[in-house]
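K.L.:
Please read through the structure below; I'll follow up with questions.
The values are calculated or read from the model by the stated rules, or taken from the named source; none is laboratory data. Here the structure is a predicted model, which means the values were calculated and not measured. Using ideal geometry, Cβ is built from the backbone for each residue, glycine included, and neighbour counts are taken over all protein chains shown.
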Amino acid sequence: MPGLFNSIHVNNVLSVVVFLVLWVVLCECAHIFVMLLRREPLLGWAVGPFGVTLMVLHEPSLFYIWLDVLCPALVSGSVLYVGLFTSLSPMVIPDYPLLKLVVLTCGLFVTSSSNLISALRDVHYPLWGEARVLRTIQILQSTWARIHFTSFGHSYVRSHFGSNPAELLQALSL
């Protein structure tokens, strides 16, 4: 494998950027799809630097916890393989099996490490109800995510915390 980096050629920089954006967006869409499969009432959602987060009230089952890790990882690996090692690739990469394994492993680590950490946290320290909502809001606020509540979320915050979402967010940010 001498001269490995010399044999990698980028055909079109714009295509590489579009591919990377598409890769991240498809992984996030797979994550959102798994969350929506649970069919639970949605309290709200947040858009931040680490993607889109859906806030639900109930702790997911063990099946959905691991499905939330495996489905985006499968999408990530598939998109990386098709986008980098087929004729659709915006770059020319040598056909070394070890290189394919390293690139796919690094890509899976980038897109799935946060999902794996969240799954391990949910398995070892399960939370539900108000504690889950408050933990999720605090994590989202620490990443400067923009939090939006649904009408169900507004009524839940009003009945369980005795305030509106803006007051709750302000109290948790102090």
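K.L.:
List the residue pairs whose Cβ atoms are under 6 Å apart, where the first residue sits in the stretch 41-64 and is part of a helix (DSSP H, G or I), the second is among the basic types (Lys, Arg), and the two are 6 or more positions apart or on different chains.
P.N.:
Partner pairs satisfying both residue conditions: Tyr64/Arg38.
K.L.:
What number of residues in the stretch 118-132 are of a type in the set (A, V, I, L, M, F, W, C) and more than 18 Å from the chain's Cα centre (by Cα)?
P.N.:
Number satisfying all stated conditions: 3.
K.L.:
If you don't mind, there's one more thing I want to ask. Go through (1) of a type in the set (D, E, K, R); (2) under 18 Å from the mean Cα position of the chain (by Cα); (3) at pLDDT 90 or above one by one and return the number of the condition Arg158 breaks.
P.N.:
The one condition Arg158 does not meet is (2).
K.L.:
Tally time: how many residues in the stretch 137-174 are more than 14 Å from Val47 (Cβ to Cβ) and among the charged types (D, E, K, R)?
P.N.:
2
K.L.:
Look through the stretch 43-57, keep the residues that are buried (at least 17 other Cβ atoms within 10 Å of the Cβ) and not β-branched (Val, Ile, Thr), and return whichever of them is nearest to Leu74 (Cα to Cα).
P.N.:
My answer is Gly51.
K.L.:
Just checking, does the stretch 118-139 include any residue being farther than 22 Å from Val10 by Cβ, surrounded by fewer than 17 Cβ atoms within 10 Å (Cβ to Cβ) and polar (S, T, N, Q)?
P.N.:
Within the stretch 118-139, one or more residues are farther than 22 Å from Val10 by Cβ, surrounded by fewer than 17 Cβ atoms within 10 Å (Cβ to Cβ) and polar (S, T, N, Q).
K.L.:
What number of residues within the stretch 81-117 satisfy the criterion of being in contact (Cβ under 8 Å) with a residue 40 or more places away in the chain and within 30 Å of Arg39 (Cβ to Cβ)?
P.N.:
5
K.L.:
Let me ask you something else. Among Ser78, Ser61, Ser87, Ser114, which is under 15 Å from His31 (Cβ atoms) and at pLDDT below 90?
P.N.:
Selected residue: Ser114, the only one of Ser78, Ser61, Ser87, Ser114 that is under 15 Å from His31 (Cβ atoms) and at pLDDT below 90.
K.L.:
Shifting gears a bit: Quick check on my filter: what residues within the stretch 77-105 are assigned to a loop (DSSP other than H, G, I, E, B) and aliphatic (A, V, I, L, M)?
P.N.:
Leu88, Ile93
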